[in-house]
1. Taking every residue in B:79-88, how many Cβ atoms of other protein chains lie within 10 Å of its Cβ, on average?
2. Taking K and R as +1 and D and E as -1, what net charge do the other residues with C-beta under 13 Å from the C-beta of B:Gly161 add up to?
3. How much net charge surrounds A:Gly81 when only other residues with a Cβ under 11 Å from its Cβ are counted (Lys, Arg +1; Asp, Glu -1)?
4. Among B:Ser163, B:Ser32, rank each residue by its count of other Cβ atoms within 10 Å, from fewest to most, as a rough exposure measure.
5. Could you work out, residue by residue across C:223-233, how many beta carbons of other chains sit within 10 Å of that residue's beta carbon, and then give the average as an integer?
6. Taking DSSP loops as anything outside H, G, I, E and B, show the longest stretch in chain A free of trypsin sites (Lys or Arg not before Pro) there with at most 11 other beta carbons within 10 Å.
7. Rounding to the nearest 10 and keeping the result within 0 to 90°, find how far the Cα-based axis of helix B:238-259 lies from the longest principal axis of chain B.
8. Which of the aspartates and glutamates could be linked to C:Lys209 by a straight reach, that is with a Cα gap under 17 Å, when you skip same-chain ones fewer than 8 residues away?
Amino acid sequence: MALLEARGLSMAFGGLQALRGVDIAIEARQVVGLLGPNGSGKTTLFNILSGLLRPTTGEARFDGARLTTLPPWEISRLGIGRTFQIARPFAHSTVWDNVLVGVTFRARRGPRAALERRREVERLLATVGLLDKARATAGELSLGERKRLELAMALSTRPTLLLLDELASGLSPRGREEVMGFYGQLRGEGLTIFAIEHSARVLSRVADRLLVLDQGTVVADGRPEQVLASTRLVEAYLGEDDEP
Amino acid sequence: MSPTTLAHAIVAGVLLGCFYALMALGFSMIRSVTRALNLTHGDLIILGGYLGYWLWIGSGLHPLFLVPVAAAALLPLALGWQWLFQRLREPKELSSLVLTFGLSLFLQNGMLALWPGEYRLIASEALTASVSLGGLTLNRGRLLVAGLALAAVGSLHVALGHSRWGRAVRATSVDREAAALLGINVDQATQSTFLLAFALSGGVGVLFATLHYLSPSGGAELTLLAIVLTIWSGAGHARSVLGAGILLGVVETLTLLWSGPRWRELIVALMLLGTLLARAGGLVPRRSR
Amino acid sequence: MPRGGLIATGLVGLALILLPPLSGFHPYYLYLVSTGLLFGTLATSWNILAYAGQVSFGHAAFVGLGGYGAALASLHGLSPWAAIALGGGLGAAGAVIIGLASGRLQGASLALATLAYAEMWRAIAQNWDEVTGGGAGLIGIPALPTLPWPSPDVSGGRAGGYYLSLALLASVLAVFAGILRSRLGLALAAIREEEERAGLLGVHPLPWKLLAFGLSGFWSALAGGLYVHTVRVVEPDLVFSLHFSILPLVMATFGGVGTLLGPAGAALGLYLASELFLHPYVPAFHQLPYALALIVVALYAPGGLGTLFRRRRHGAA
Ligand SMILES: Nc1ncnc2c1ncn2[C@@H]1O[C@H](COP(=O)(O)OP(=O)(O)OP(=O)(O)O)[C@@H](O)[C@H]1O
Ligand SMILES: [Mg+2]
């Protein structure tokens, strides 16, 4: 059975149909990319999977548990972590505390020992290269640093499935290379990754599989080269790949 | 409970509701134009009442003549309040509560200092007589107040709906920035709203003082009622404030008929609590992402 | 805390401890400072809740529940100590009940709900004549046992009440300091900053908020219980007075929401300034400092209340 399985997910905001009957199955340890034009419903899908939104119809299961009735903290404890497209750290807390929250509360009986938690925060901050900023206030970070903090926060709950929302967009070419490095590293650690990116180029380098969403419907699903070879698709949906 | 008692209670509730609507209008107008919640609303009404009382004792005039005087007396305060409200920082609603919580303390203490001691009432004989109407005996003052309330709500409804001024005020309520971009003088619309709201509160105060005893801390309950009405009606529409007011008046009289008058304040507080909980997010919409 | 702050705090603490003998056990000054200390306790417990991002306009509810609970228990023969503790429990329970509303309401809506809640309890105390004595309240509440030192008649028994108030303030400060270094503090800060994000990181917000409500209500109610045992009467307009809702808000926001000592410092400063310098000369306007402090906070605190809620936690795991 797939690790993550969604059936017939639909989401309506008033009259606006953001998702229309989306079916998805993601196997453990797969890296799956999600592409689609602006407003096609990508983030909405992540909001449902992480428990911030309740779908109008349909359901999603993770590791056998039904997600669509659970609150965010339960979902997080099941092992799903996520980042936000626009970084949303606790802006007035230190970088350290931002990561400490997930480490402390990821399980009902999380690591008790302060030393254990400290080690883990250090390790996470080192992973994303923010150890020297540990005492800075999150709001003072640069855009690139904030994105890395997002990643560390998502990892702080020790997820098995990571939902990454446009980790690379808005970054400099160097920042983007760094993000590519993270993708490789996380895959190496055996995580299952479901990642939205605006750049098909970025995704095709790291993903085993690509999904394309358009107006709330999955319009393509397959190996990256297959999906990208369909020129019609590339023109219609990915033509706005403005990043070099 | 006899049918006459019930009919009596309903009619009294409707009359009371008209007064409530008039009383709440100022709160609702300021709320819709500035997003601010003015906790001094009830205190201003009480202040208008004290001014009316003081003038009435001094002059012996018919209370109705004192309504415009008390209304005018609050106009300088309107400018002061507007000046303060303009300077509120985000989160605006919360800041406005903090600011007006403080101003309320100030007003209440001021009134306590100026009019210490017993409770006061404008006990004008012109208003206390009863009138018989279709088998029901009603208080003349209450009828008069309800009539005035209807007239005021009606004219405000027309003015908001059909005048240049009304258009400017409505546009400012919907979206201040967009209205300003369209060339509407939002500052003027805001100022006139404050002036009108305060004048209304001052005048209402005099009417209130003909019906109820004044006490410096009596404004809190009026403020709570105004908040309930504003939530019920959705800010800014004179007509729906009237509808909500009448509903509240009838609900209140019927509840009191059943529970006895001593639980009045409790019912007002519960009504606000219940309204907030039922309309969770209605007063301050939750951010959605 | 920087060293200068530590030294200053130590000196103020020492001065407060030595005040009774230094003032020659002057009953009026002891009463005044005790009341200031009670306001300090109240402002600090208000601050516990504000640290979680929950702005209360109704702390009078908890003071009043503590006051009435303690008074009734005392009048029914319980020892004042047990009565005050019982009142504290009642206040905590009352706070948790309105805390449940914070699951649905936030910001200004929650503030209004707390305001209505305090009003509700005041109306109950005012009219439930059989139990609360109605508007006239309850009299004949026993006094607290006096300290035998130096002798009851020197201070009119005020020294004991004074030290109790001081101990109460110290205890709530200790609790808040503990919160700041604990998991609770971490959870509350996260909830205050971004409740939704906190949820995604495994924090179930409501239980933590309820805990904050409970602690805040408990200490406010203890202050209420101590207060009624000092003045020895309880009336609806005395303990459910709007002042007990407004003043902690003024003092805490003025002193710095989220700081450990700011609210207590501001409470003592504002209260004593008002009582010593304004009350004797312009009694009608002795509350002016509070109103002015609120206006300053609402208008000139850089960024408004929002920034006042910011406090950096420094990473101690
Ligand atoms: N909470 C919400 N309330 C109302 N409408 C929403 C909400 N969230 C999303 N939408 C709408 O749903 C549609 C899909 O939005 P979504 O954010 O999922 O798109 P997206 O694919 O992530 O786009 P982008 O590439 O710009 O991030 C959009 O039209 C958006 O305006
Ligand atoms: Mg998106």
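1. Working: counts 0, 0, 0, 0, 1, 3, 2, 1, 5, 4.
For this peptide, the per-residue mean of nearby foreign Cβ atoms is 2.
2. Numbers: positive: B:Arg164, B:Arg167, B:Arg170, B:Arg239; negative: none.
For residues surrounding B:Gly161, the net value is +4.
3. On the way: positive: A:Arg77, A:Arg82, A:Arg106, A:Arg158; negative: A:Glu150.
Once all neighbours under 11 Å are counted, the net charge is +3.
4. Details: B:Ser163 11, B:Ser32 19.
Going from least to most buried by this count: B:Ser163, B:Ser32.
5. Numbers: counts 0, 0, 0, 0, 0, 0, 0, 0, 0, 0, 0.
If you average over the peptide's residues, the count of other-chain Cβ atoms is 0.
6. On the way: sites that count: A:Arg108, A:Arg109, A:Arg112.
The segment A:113-244 is the longest one with no such site.
7. Tilt relative to chain B: about 40 degrees.
8. Hits, sequence-local ones excluded: C:Glu193, C:Glu194, C:Glu195, C:Glu196.
The numbers here are math on the coordinates, done by the rules we state, and not lab data. Keep in mind that what you see is a predicted model, and the values were worked out from it rather than measured. Ideal geometry is used to build each Cβ from the backbone, glycine not excepted, and the neighbour counts take in all protein chains shown.
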